[in-house]
Amino acid sequence: MKIFTRQAKGKVFIIYGLDASGSMKGAKLETCKKAGIALAFKALEEKDEVGLIVFGQKIQTAITPCSDFTLLLKEITRIHAAKETDLTACILYSINLFPSQEGTKHLLLLTDAMPTVGDDPQRAALEAAEKAVAAGITVSLIGIKLDKSARTFAEKLVELGKGRFYVVENLEEVDKIVLMDYCGYS
């Protein structure tokens, strides 16, 4: 594993937004869970705080950014895949999870699909990203084996979210990309 160094910019609050929809079942979800544990360990080691939102058709788990590794580990290991993808709910829910205090606020989404919940799920997710930015939150997305239309959507989302977009074709790269993203905002 590559070691990343960070340049201190004050306290960082990061929420790991993990898609636990049915299409993430199996190796994708297990790899993302391991990457979430690595992120929590690294961020907490740096005295930053990590939160967690697990989403599918609805929010399954939501933890405010904290420094409790045991809680994060317990919740990450309990994640299981179910149904559709509601990116909008995850983004909007994260706005209320971040603390009001000053610092860097970053939402890192991991997903393998486009949003599928709602009348116009893509438009709703893009509008949610704009609301996050208005609340001082950046939104990045790690896309796992995305098709062309999903890539186009993800690029728009992170452009509006003032974040970064990463494409993963090889699951073994997920943990490295998660840590690289964290180090870029810390």
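Values in this text are rule-based calculations from the coordinates and carry no lab data. As the structure is a prediction and not an experimental result, all values here were calculated from the model. All Cβ positions, glycine included, derive from the backbone under ideal geometry; neighbour counts span all protein chains shown.
How would you rank 53, 79, 91, going from fewest to most other Cβ atoms within 10 Å of each one's own Cβ?
Working: 53 23, 79 20, 91 29.
Neighbour counts put them in this order, fewest first: 79, 53, 91.
Taking all pairs of distinct Cα atoms, average 1/r, flip it, and tell me the Kirkwood hydrodynamic radius of the chain in Å to one decimal place.
Working: mean 1/r = 0.0630 Å⁻¹.
Computed over the chain, the radius equals 15.9 Å.
Using Cα positions and a limit of under 16 Å, work out the aspartates and glutamates in reach of residue 176, with same-chain residues fewer than 8 apart set aside.
Here the aspartates and glutamates satisfying the reach criterion relative to residue 176 are 30.
For the pair residue 171/residue 57, report the inter-label distance in nm, with labels modelled 7 Å from Cα in the Cβ direction.
2.4
What does the highest-first list of 70-78, 23-31 look like by mean Cβ count within 10 Å?
Output ranking for 70-78, 23-31: 23-31, 70-78.
Give a residue-ordered list of calculated ³J(HN,Hα) values for the range 111-128 (Karplus: 6.51 cos²θ - 1.76 cosθ + 1.60, θ = phi - 60°; whole Hz; x for Gly, Pro).
8, 10, 8, 7, x, 10, 9, x, 5, 9, x, 5, 4, 4, 5, 5, 5, 5
With a/c under 1.5 counting as rounded, go ahead and sort the range 31-72 into rounded, prolate or oblate using the C-alpha gyration tensor (a ≥ b ≥ c being the square roots of the eigenvalues; past the cut-off, prolate if a/b is larger than b/c, else oblate).
Oblate, since a/c reaches 1.5 and b/c is not below a/b.
Residues with amide H under 5 Å of residue 163's amide H, sequence separation 5 or more or different chain, H placed in the peptide plane at 1.01 Å from N; which?
139
With θ set to phi - 60° and the Karplus curve 6.51 cos²θ - 1.76 cosθ + 1.60, what are the ³J(HN,Hα) couplings of the range 66-77 in order, to the nearest whole Hz, using x for Gly and Pro?
Listing the rounded values in order: 8, 10, 9, 4, 4, 4, 4, 4, 4, 5, 5, 5 Hz.
Rank these for me by crowding, 133, 178, 139, going from fewest to most other beta carbons within 10 Å.
Details: 133 15, 178 26, 139 30.
Ascending number of Cβ neighbours within 10 Å: 133, 178, 139.
What shape does the range 68-138 have by the C-alpha gyration tensor, where a ≥ b ≥ c are the square roots of the eigenvalues, rounded means a/c under 1.5, and otherwise prolate means a/b greater than b/c and oblate the rest?
On the way: a/c = 2.62, a/b = 1.07, b/c = 2.45.
Oblate, since a/c reaches 1.5 and b/c is not below a/b.
Calculate, for residue 67 and residue 149, the FRET efficiency according to 1/(1 + (r/R0)^6) with r their C-beta to C-beta distance and R0 41 Å; round to the nearest 0.05. Could the numbers behind the result be given before it?
Values: r = 39 Å, r/R0 = 0.95.
The value I calculate is 0.60.
Can you pick out the pairs among 83/156; 11/83; 74/156; 11/156; 28/162; 74/148 whose Cα atoms lie more than 30 Å from each other? Kindly include the intermediate steps, with their values, before the conclusion.
Numbers: 83/156 24 Å; 11/83 35 Å; 74/156 33 Å; 11/156 28 Å; 28/162 26 Å; 74/148 35 Å.
Check vs 30 Å cut-off fails for 11/83; 74/156; 74/148.
In deg cm²/dmol and to the nearest 500, what is the mean residue ellipticity at 222 nm of the chain if only DSSP H runs of at least 4 residues count, each as -39500 (n - 2.57), divided by the residue total?
On the way: 6 runs with 78 residues, N = 186.
Mean residue ellipticity at 222 nm (helix-derived): -13500 deg cm²/dmol.
Using the Karplus curve 6.51 cos²θ - 1.76 cosθ + 1.60 with θ = phi - 60°, work out ³J(HN,Hα) for each residue of the range 44-52 in order, rounded to whole Hz, and write x for Gly and Pro.
Couplings: 5, 4, 8, 6, 8, 10, 10, x, 9 Hz.
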